[in-house]
Amino acid sequence: RNPPLFPIIPTPPAVSYKDIWTAYETTDMRDDGYVYDIYSNVTNYRYKTDQAGNYKKEGDVYNREHTMPKSWFNDATPMYTDLFHIMPDGYVNSKRSNYPFGETKGEKYKSQNAYSKLGTCTTTGYSGIVFEPNDEYKGDLARNYFYMATAYEDKIGSWNSNTGGAGTNIFS
């Protein structure tokens, strides 16, 4: 029998929220020198120049976006600054809000080129609102969730999402 993964994953290194900006220069740089965007394919963010700020439209600025919404774990550390699940995006993430990932036709929102969508879940078993990222990033996001569930196995039982109403714990 194999040992559980939780005990062998090292404690994530402490990163300040401010240092995430600098980390993106290494972790999320496209070959053309711009910043990757997990929810849009029409962005050309420049490091430092286009970071943070107010979103007016898709592609104007990027921010530090928690792929597992930080409200699910009440902004607690070390999850809040765990770089593994914090990726660049901007306006489209504001449409995602705290909705869980799922499959949808996107009747509430579609990003440009229908790259990401928001709407009623089309998968049997759940009828709530979900956010569907592009197929290109579904594997990355699945790995992020697997990592978070494994690295924070001792904490995840108290996390809450909005998938079944207030106080619903989808992780236990």
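The values are calculated or read from the model by the stated rules, or taken from the named source; none is laboratory data. Bear in mind the structure is a predicted one, so any value in this text is a computation, not a measurement. All Cβ positions, glycine included, derive from the backbone under ideal geometry; neighbour counts span all protein chains shown. Protein only, heavy atoms only, side chains kept; ligands, DNA and RNA dropped before computing areas. Shrake-Rupley method; radii C 1.70, N 1.55, O 1.52, S 1.80 Å.
What to note about this one:
- Length-normalised contact order for segment 33-140 - Cα pairs under 8 Å, 6+ apart - percent: 23
- With a simple spin-label model that places each label point 7 Å from the Cα along the Cα-to-Cβ direction, the separation between Glu107 and Lys155 comes to 3.8 nm.
- One entry in (i) 60; (ii) 38; (iii) 45 is percent of Cα pairs over 24 Å apart calculated from the shown coordinates; its label is (ii).
- Accessible area expressed per residue, segment 18-171, with surrounding protein chains retained (probe 1.4 Å, Å²): 50
- With every protein chain in place, segment 20-100: carbon and sulfur % of accessible area (1.4 Å): 44
- Amide H partners (placed H, <5 Å) of Phe101, local residues excluded: Phe131
- Counting only lysines at least 8 places from Lys56 when in the same chain, those with an alpha carbon closer than 16 Å to its own are Lys95, Lys110.
- Helix-only [θ]222 nm of the chain, DSSP H runs n ≥ 4, -39500 (n - 2.57) each, per residue, nearest 500: -5500 deg cm²/dmol
- With 0.36 nm allotted per residue and the present C-alpha distance subtracted, the Arg143-Asp19 stretch has 42.4 nm of extension available.
- Entries of Lys48/Lys155; Lys18/Lys108; Lys70/Lys108; Lys18/Lys105 with Cα pairs more than 28 Å apart: Lys48/Lys155; Lys18/Lys108; Lys18/Lys105
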